[in-house]
Amino acid sequence: MSDIELQHRMVWADDLRFHIVEAGEGPTIVLVAGFPQSSYAWRRLMPLLAGRFHVIAVDLPGQGDSDKPVDGYDTLTTGKRLRSLLKVLGEDWYLLVGHDIGAWVGYAYAHQFAADLRGVVLLDGNIPGVTLRPTITLGPDNWRNWHFLFNPIPDLPEALLQGRERILIEWFFSRKTANWRTTFSKADIDEYERVYQTPGGLRGMLGYYRAVLEDIEQNTPLMQKKIDVPVLALGGEVGSAPDLYDRMQPLGRNVRGGVIAGSGHYIPEEEPEALAREISDFANSLKA
């Protein structure tokens with residue numbers, strides 16, 4: 001699949017300019033990344049899927065090379081913005097795959113816009129108000145969740161992180177990847193550093209965490225209704241949410257999933273072949 005070319009373009013929707021990456025033909029799969037990443041996170045997975053599917057990787061507002069609005073980072077607003085983009089692209093029936101913050105968006109999206117979805121895939125994300133514990137207990141695992149307390153603080157993260165974005169990125173990759181040296185090259189980290197150093201890059205990244213309490217409030221009533229569309233929930237064996245499938249089972253009418261063996265948090269880059277098989281099998285089982 002190495003000969004498959006990834007096409008980049010900018011698209012206007014909902015008064016925002018989105019950066020998307022496309023490849024392949026067939027049923028559409030939409031890919032949404034998380035923190036501290038961008039659509040670049042899907043570079044290894046897309047060629048594996050593009051032989052049978054039309055794959056679209058999206059930089060959410062605030063991510064990558066998409067616009068960086070000053071507000072609207074809660075998952076309901078983000079879902080509406082994402083749907084506006086997909087309508088402009090002429091997409092009205094697709095499989096949505098979300099990793100990390102992308103999984104936060106995917107959960108709300110499955111409630112908001114079920115009629116547009118063949119199904120939803122949630123990857124190693126702790127979803128605010130759903131699977132994310134509302135408190136952080138002091139102990140040896142504090143390092144896993146410290147950013148939920150730090151990122152929402154007004155102004156201070158920008159002051160400390162500006163010009164030091166690479167330190168943050170490398171810290172998360174080194175701590176949350178099963179084998180980070182074989183997963184991320186210098187060029188990979190250069191690309192993530194580039195997009196976080198663009199004007200508004202830090203604001204966009206931090207905005208999703210500054211909206212977590214709003215997400216929890218929005219997700220509380222959603223929890224009262226099971227997701228109608230089929231769900232595939234996958235955690236990394238040594239990731240942030242290895243129990244995601246177990247925790248999602250009561251929340252949907254048709255929930256499948258499990259654990260990607262040998263993977264940390266960054267499944268699309270650590271184990272793209274295993275993930276491609278899971279997504280392909282799931283997509284092939286859904287209504288056309």
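Worth pointing out:
- Dipole check for the chain: with +1 at the C-beta of Lys and Arg, -1 at the C-beta of Asp and Glu, and the Cα centre as origin, the magnitude is about 400 Debye.
- Full-extension gain in nm, W143 to D155, via 0.36 nm per residue minus C-alpha separation: 2.2 nm
- Most to least packed among 119-128, 165-174 [average Cβ atoms within 10 Å]: 119-128, 165-174
- Which of P152, M205, N142, positive extreme of dipole for segment 141-217 (C-beta unit charges): N142
- Hypothetical label at E91: residues of segment 35-55 whose amide nitrogen lies under 17 Å (7 Å Cα-Cβ projection): 38-55
- Shape class for segment 106-241, computed from the alpha carbon gyration tensor (a ≥ b ≥ c): prolate, with a/c not under 1.5 and a/b above b/c.
- If you take the alpha carbon atoms of the chain and fit the smallest convex hull around them, that volume is 121 Å³ per residue.
- Most tightly packed first, judged by the mean number of other beta-carbon atoms within 10 Å of their residues, the peptides 31-38, 153-160 read 31-38, 153-160.
Where a number appears in this text, it was derived from the coordinates with a stated rule and is not lab data. None of the values given here were measured: they were computed from a predicted structure. In this analysis, Cβ positions are derived from the backbone assuming ideal geometry, glycine residues included, and neighbour counts consider all displayed protein chains.
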